[in-house]
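Report on the following structure.
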Amino acid sequence: MRHRARARIEIIRFLILLWGPGLVPGAAAGELESVRIGLTREASAAPLFVAIAAGYFKAEGLDPQVTFLKTDPSVSAAVASGKVDIGMASLSAPFYSYAAVHGLKMIASRSSDQTGFPMYALLVSRKAHAAGFTGVRELAHARIGIADTDSGTYYALFNIVSRFGLDPGSIKTISLKSPAGELGALSRGDVDAALLPFATALHSASRREPLLPLSDFAQWQQGVVFTTAKNIATRRDLIDRFMRAYQRGTADYQLNFLSYDDGGDFIPGPHYDKYLDLIARQVQISSDMLAITKTYCDRRANLDVTDIKKQVQFWQNQGRLDKRVAAVALLDLSFIGEETIAPQSWHR
């Protein structure tokens, strides 16, 4: 019923108010401490933009300085080198390898691929669909185009394969370097389906190609917030204040973007339109597209630790990550403020 959804919204509002709007002692406008944040220009960083716009960093005595970088590896390198204090990036085999070597620690969630908030989808060719490719069980013996076989989407694909008991060896993945390359291969009939960012797949699906969101079949931790072990040891107060502001942002984001009643109808929050326009400008997409491709983040930025452990094991089994790397060594859960749990499923 609607009163249950409204109750959840009131709880979130209470949590936002509980954290309080005031500046910390000594945090006058001219005395804010810089916190440098590196990330790629993606809508999955929406809670960060909300936290900045709402003044949550200022309330912690921080001046957030955002640097947009071209790739996730460049974000990791910027954090490791000290050019930025905090990074936000997608999980992948290269991320885990680099984090293990350079002492990076995952401290919070940026985004996860959740039911109702898909981040990636399989775009099935009309020919393959006509031949019976209508669900995940038809992945067996299919040719799947993918931008990068070291990416988190590659893990997600084979996580679905494992969940549905399919033979991994029966699936042929073809690395095509980019979404444009995947779409080209799909149009030529070189692949049966292309694994694409949801917005890209949605745009192409408007031409009536069948669309299968990955999160309809399995959910996974897609992106994280991270810093260095050195920063945690020597600048813990800065990281603590960053996390308090960021968690207020994730709660505010959920209030405004992720609230639905029990009938599945969206309940926009009080600042929905304002934040929608702000985030759309930051990531350079239309507000209309952002509204239908918004991503999920836990209200307290909790990480799905169980899934992260599965990802590490998957890449090790694939021979793409040193077997000596332990997932727990790449995590610092002390900033979350509550027991880390797997994200819940949401229905729209």
- Approximate spin-label separation Asp277-Ala233, in nm, with each point projected 7 Å along Cα-to-Cβ: 4.8 nm
- Message: Using Stokes-Einstein with the Kirkwood hydrodynamic radius over Cα pairs, what translational diffusion coefficient do you get for region 97-170 at 25 °C and a viscosity of 0.890 mPa s, in µm²/s rounded to a whole number?
- Response: 166 µm²/s
- Query: Helix 72-81: angle to the longest alpha-carbon principal axis of the chain, degrees 0 to 90, nearest 10?
  - Reply: 40 degrees
- Quick one: length gained pulling Ser74 to Ser286 fully straight, 0.36 nm per residue minus the C-alpha distance? 73.7 nm
- Determine the dipole magnitude for the chain: charges of +1 sit on the beta-carbon of Lys and Arg, -1 on that of Asp and Glu, nothing else is charged, the reference point is the Cα centre, and the result goes in debye to the nearest 20. 320 debye
- Note the direction-averaged projected area, equal to a quarter of the hull surface, for the Cα convex hull of region 129-218, in nm². 5.3 nm²
- Task: Assuming a ≥ b ≥ c are the square roots of the Cα gyration tensor eigenvalues, decide whether region 117-270 counts as rounded (a/c under 1.5), prolate (otherwise, with a/b larger than b/c) or oblate.
- Result: prolate
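What value, in deg cm²/dmol to 500, does the helix sum -39500 (n - 2.57) over DSSP H runs of n ≥ 4 give at 222 nm once divided by the residues of the chain? It would help to have the intermediate numbers written out before the result.
Numbers: 13 runs with 141 residues, N = 348.
Helix contribution divided over all residues of the chain: -12000 deg cm²/dmol.
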- Query: Can you tell which of Gly152, Gln282, Ile107 lies farthest toward the positive end of the dipole of the chain, using +1 and -1 charges on the Cβ of basic and acidic side chains (Lys, Arg; Asp, Glu)?
  - Reply: Gly152
- Message: Quick check: pseudo-label points 7 Å beyond the Cα along Cα→Cβ at Glu33 and Val101, how many nm apart are they?
- Response: 3.1 nm
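Quote the charge dipole size of region 221-326 about the Cα centre in Debye, to the nearest 20; the model charges only the Cβ of Lys and Arg (+1) and of Asp and Glu (-1).
Using only the charged Cβ atoms, the result is roughly 860 debye.
Students often check this: by mean Cβ neighbours within 10 Å, which of 41-50, 321-330, 77-86 ranks highest, and how do the rest follow?
Per-residue mean Cβ counts within 10 Å order the peptides as 41-50, 77-86, 321-330.
Which FRET efficiency value, to the nearest 0.05, is calculated for Ala130 and Arg324 with the Förster distance at 35 angstrom and r the Cβ-Cβ distance?
In this case the efficiency is close to 0.15.
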- Message: What whole-number volume per residue, in cubic angstrom, does the convex hull of the C-alpha atoms of region 195-292 give?
- Response: 167 Å³
- Set Lys58/Lys83; Lys105/Lys323; Lys83/Lys309; Lys70/Lys323; Lys172/Lys294, cut-off 27 Å on Cα-Cα distance; pairs above it are Lys83/Lys309; Lys70/Lys323; Lys172/Lys294
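Where a number appears in this text, it was derived from the coordinates with a stated rule and is not lab data. What you see is a predicted model, and the numbers here were worked out from it, not measured in a lab. Virtual Cβ from ideal backbone geometry, glycine too; neighbours counted across all protein chains shown.
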